[in-house]
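Comments concern the structure below.
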Amino acid sequence: MIPEVGHFALILALSLAICQGVLPLLGAYRNDVAMMAVARPAAVGQFVFVAISFICLAWSFLDSDFSVLYVANHSQLALPAIYKISAVWGAHEGSMLLWILLLAAWTVAVSRYSSALPDTFSSRVIGVLGLLSCGFLLFTLLTSNPFERLIPAPPDGADLNPLLQDPGLAIHPPILYAGYVGFAVAFAFAIAAMLSGNLDRAWARWTRPWTTWAWLFLTVGIALGSWWAYYELGWGGWWFWDPVENASFMPWLAGTALIHSLAVTEKRGLFKSWTLLLAISAFSLSLLGTFLVRSGILISVHSFATDPERGMFILGFLGLTIGGALALFAWRAPSLDSSAGFRALSRETFLLLNNVLLVIATTLILIGTLAPLVVEVIDGGKISVGPPWFEIALAIPLLPLVLLIGVGMHTAWRSQAFKPLVAQLKLPAIVAIAAGIIVPTFVYGRFGLLLVIGTTAGFWILLVSLIQPMRSWRRKPGTPAITRGALGMSVAHFGVGMFAIGVSIVSAFNVEADVSLRPGEQVSVGGYEFELRGLRNVDGPNYQAVEGEIEIRKNGEFVAKLRPQKRTYIIQKNPMTEAGILVSWNRDLFVALGDPLGNDAWSVRLQYKPMIRFIWLGAFVMAFGGIIAASDRRYRLYANAKRPLIKTSEAPA
Amino acid sequence: MKPRQQRMLAVGLAAVGVLLATGLTLRAFQENMMFFVEISDVVQGKVPDERNFRVGGVVVDGSVTREPGELEVEFTLTDLENELVVTYDGILPDLFREGQGIIAHGRMGDGGKFIADEVLAKHDENYMPPEVAESLAKHTAAKEATIVADKKEQ
């Protein structure tokens, strides 16, 4: 009964999505107030029914209703309740449902906070979001129904993939998807602007906070995914250049470019068509990511679903969405151009450079990700593109970018005099270069050119990000404080600096050793002694494990005991490595058990990872900067305007 | 800056970026492209010179051997027609086991053994890497064809 309710609710949601996608757009075209008034109630109704459907699926999981095929394949009686809930989005069908739920939630948020927008405009935005929702609902109902029955029901389920039984991965997909889907809002704003043929600075001001929120969710989602891969995939890497990771990273790069381009459009009314193109690109890359992950087209550890029918549907949807948006762009964009000017040394120039470099990085990653597919299609054999390529492809545009950030953020709009800029930045530059040379050479004991450039760039941004907040803190009474927007920018850039330092140090000074250890034996790695004290058997709720006890000492002094496990899940029989990690702000010590090698010996992986926490911490600080910036007063004025433009459209919050 | 100059600057920067990207792409790409080579081709010596490549196949039952207590391991991969001995000095992935389809990355060493620097197994035990599945299907078909041909000759 419950699954059928969920299925019907999803069909009703599709009907409402069709209303929401068709009527408001038609109403905006004909200037028909009654048709436009459908937008908000339809959006709220759609959200309610998608939520009912989602709850029904979660209920089936909690109830262990194995007559539902999806539940039978991805759950089990002994699975802890928390993972029964996260199993809802643990595989293809449910994660599509989550995607739709989040899209509906974003749409409701847009309809709630858009009462100050012109009516025709908000109708178009909500209408475009409705059409996107139609596409995903159709996809789910036609090719990936999560409520499909399995008769007769098996006595127990096949269990959730053990890799996914982890708190990090329970929250990673919802946040990542919130980011992906959030770019749909920026996309809808772009389409609405092109349909109305009117793109002014107010448009950019409305679009900015939405884009920032989407971007910060994506930032946190990617960071969580990286963190999960680090401790759960078992082997201590934090980024693998897996196509699925690239699929989330490309929209992030395009979204970062979009945020900066929007700043120019808002402040100066420039870069309009460029901003539109980036809004289309960011969402298109999100869709492409979904296509790559969900169609099973790629060879990847992440691709759980493999089905050509699904692939064709998403490809068609992708073609329709991107093609339609680009056609509209080609038709409308030329009429939107602006004629304001700026000097070579100005904020505009630096933001232009930012955009060019980010787009280059995105393109290079796209090439590396799609090349194996293209080569295979033209019958050039099977190839794969190795991490070194991605590393070069990213370092070349992004290192100059990181160095330029520091100058750009202290440059005035329109025109900047050269001397005051130099006077302001001379000291941080000298300190950054000194720190960039001293820290790697004397703290870690090695000099390398790329390493020094990387750490210098990191320290440079850390320092220059402090200038504006410090100035505000020490300002004279009565002078205005730093705006939230500028503070958010400083905080986010500070995060970039932390990230740059983390990446530079950990890639240069990471020590990794695979060794064979017998109980009582010890080995020295990265200045620490690791001793295998013993092994014992441990039973978990749905797994059995061998647990090693490893004592870590530094110069003979006790540091910590780690207990890495090798688990075997009872139903799926898959072995799983649970690493033991000793966390500290400036280094991680990482221990993972391999296999028994005979003669009581076990293979053990030992790693010393300096500054690795700065990578994720930097990403969280960037996202926090986004929150500060998005809460700027000038956006709130728009969002909270209690001026309903149509009397019949008061949507419940 | 006037709009015209501004546009020229944008176009100029984009052109420089594209040129840089193209040059870099072509050079670095060739260096970092890794080919997947079928075992039967490896056995016949058809391997890329002086560079690493990937091989894939099924781990032959009972072929995984190591000196007790030593990390270094040796196993045999098959595409169901030919076999290749692989050595690897490191920790095998969780899902590595006999009868499983895996991919190894490395180069040919002396004595016709493949020296792997990375071994990949998929995270779903029923899942066969697509390259391996294709290679197996091809060579199973080839083997059956030769058996049929042999029978005809007899």
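Quick notes
- Search result, residues across the stretch A:597-629 that are in a strand (DSSP E or B) and in contact (Cβ under 8 Å) with a residue 24 or more places away in the chain: A:LEU597, A:ALA601, A:TRP602, A:SER603, A:VAL604, A:ARG605, A:LEU606, A:GLN607, A:TYR608, A:LYS609, A:PRO610
- Number of residues in the stretch A:556-576 that are in a strand (DSSP E or B) and more than 24 Å from A:GLY502 (Cβ to Cβ) equals 10.
- In the set (1) on the phi > 0 side of the Ramachandran plot; (2) free of Cβ contacts under 8 Å to residues at least 60 places away in the same chain; (3) away from every other protein chain (no Cβ under 13 Å), the condition left unmet by A:GLY526 is number (2).
- For the stretch A:571-595, the set of residues classified as within 14 Å of chain B (Cβ to nearest Cβ) and touching a residue at least 40 places away in the same chain (Cβ under 8 Å) consists of A:ILE571, A:GLN572, A:ASN574, A:MET576, A:THR577, A:GLU578, A:ALA579, A:PHE590, A:VAL591, A:ALA592, A:LEU593, A:GLY594, listed by residue number.
- Residues in the stretch A:142-161 that are surrounded by 22 or more Cβ atoms within 10 Å (Cβ to Cβ) and either part of a helix (DSSP H, G or I) or not aromatic (Phe, Trp, Tyr) (or both): A:SER144, A:PRO146, A:GLY157, A:ASP159, A:LEU160.
- Per the listing A:THR369, A:THR363, the residue uniquely over 16 Å from A:THR265 (Cα atoms), more than 11 Å from chain B (Cβ to nearest Cβ) and either acidic (Asp, Glu) or assigned to a helix (DSSP H, G or I) (or both) is A:THR369.
- Selection from the stretch A:1-54 of residues that are under 33 Å from the mean Cα position of the chain (by Cα), over 30 Å from A:LEU195 (Cα atoms) and free of Cβ contacts under 8 Å to residues at least 12 places away in the same chain: A:PHE8
- Within the stretch A:52-67, restricting attention to residues that are aromatic (Phe, Trp, Tyr) and part of a helix (DSSP H, G or I), the residue that is nearest to A:PRO155 (Cα to Cα) is A:PHE61.
- Residues that are surrounded by 13 or more Cβ atoms within 10 Å (Cβ to Cβ) and of a type in the set (D, E, K, R) within the stretch B:47-66 comprise B:ARG51, B:ARG54, B:ARG66, listed in sequence order.
- Condition met for A:VAL422 (of a type in the set (A, V, I, L, M), over 14 Å from A:ILE501 (Cα atoms) and surrounded by fewer than 19 Cβ atoms within 10 Å (Cβ to Cβ)): yes
Residue-by-condition table, conditions (1) under 30 Å from A:PRO397 (Cα atoms); (2) of a type in the set (S, T, N, Q); (3) within 8 Å of chain A (Cβ to nearest Cβ); (4) surrounded by 14 or more Cβ atoms within 10 Å (Cβ to Cβ):
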position	(1), (2), (3), (4)
B:ARG4	yes, no, no, no
B:ALA15	yes, no, no, no
B:LEU24	yes, no, yes, yes
B:PHE35	yes, no, yes, yes
B:GLU70	no, no, yes, yes
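- Subset of the stretch A:69-83 [in contact (Cβ under 8 Å) with a residue 60 or more places away in the chain and assigned to a helix (DSSP H, G or I)]: A:LEU69, A:TYR70, A:VAL71, A:ALA72, A:ASN73, A:HIS74, A:ILE82, A:TYR83
- Strands (runs of 3 or more DSSP E) enclosed by the stretch A:455-555 - at least 2 residues per element that are more than 23 Å from A:ILE259 (Cβ to Cβ) and among the β-branched types (Val, Ile, Thr): A:511-517, A:522-525, A:543-554
- Selected residue (criterion: surrounded by the fewest Cβ atoms within 10 Å (Cβ to Cβ)) from residues of the stretch A:29-51 that are in a loop (DSSP other than H, G, I, E, B) and of a type in the set (A, V, I, L, M): A:ALA37
- Here A:VAL110 passes the criteria (1) in a helix (DSSP H, G or I); (2) surrounded by fewer than 18 Cβ atoms within 10 Å (Cβ to Cβ); (3) in contact (Cβ under 8 Å) with a residue 12 or more places away in the chain except the one numbered (2).
Conditions tested, residue by residue: (1) over 22 Å from A:LYS609 (Cβ atoms); (2) small (Gly, Ala, Ser); (3) not in a helix (DSSP H, G or I).
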| position | (1), (2), (3) |
| --- | --- |
| A:ALA190 | yes, yes, no |
| A:PHE217 | yes, no, no |
| A:ALA223 | no, yes, no |
| A:SER226 | no, yes, no |
| A:TYR230 | no, no, no |
| A:TRP235 | no, no, yes |
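- Residue check for A:ASN555: surrounded by fewer than 20 Cβ atoms within 10 Å (Cβ to Cβ) and under 21 Å from A:GLN522 (Cα atoms): yes
- Test: residue in the stretch B:49-56 that is closer than 25 Å to A:PHE390 by Cα, free of Cβ contacts under 8 Å to residues at least 40 places away in the same chain and either out of contact with any Lys or Arg (no Cβ under 9 Å at 6 or more places or on another chain) or not assigned by TED's automatic domain parsing to the domain that holds B:GLU131 (or both): yes
- Checklist (1) polar (S, T, N, Q); (2) out of contact with any helix residue (DSSP H, G or I) (no Cβ under 9 Å at 6 or more places or on another chain); (3) within 30 Å of A:VAL491 (Cβ to Cβ) applied to A:GLN565, failing item: (3)
- So B:GLY56, is it closer than 30 Å to A:LEU373 by Cβ, in contact with a helix residue (DSSP H, G or I) (Cβ under 8 Å, 6 or more places away or on another chain) and either more than 9 Å from every other protein chain (Cβ to nearest Cβ) or of a type outside the set (Val, Ile, Thr) (or both): yes
Residues checked against (1) at pLDDT 90 or above; (2) polar (S, T, N, Q); (3) under 19 Å from A:TRP235 (Cα atoms):
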| position | (1), (2), (3) |
| --- | --- |
| A:VAL515 | yes, no, yes |
| A:GLY526 | no, no, yes |
| A:PRO541 | no, no, no |
| A:ALA545 | yes, no, yes |
| A:ILE550 | yes, no, yes |
| A:VAL559 | yes, no, no |
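- Scanning the stretch A:227-259 for residues that are more than 26 Å from A:PRO372 (Cα to Cα) and of a type in the set (S, T, N, Q) turns up just one, A:THR256.
- A:LEU345 at pLDDT 90 or above, within 11 Å of chain B (Cβ to nearest Cβ) and at negative phi: no
The values are calculated or read from the model by the stated rules, or taken from the named source; none is laboratory data. What you see is a predicted model, and the numbers here were worked out from it, not measured in a lab. Virtual Cβ from ideal backbone geometry, glycine too; neighbours counted across all protein chains shown.
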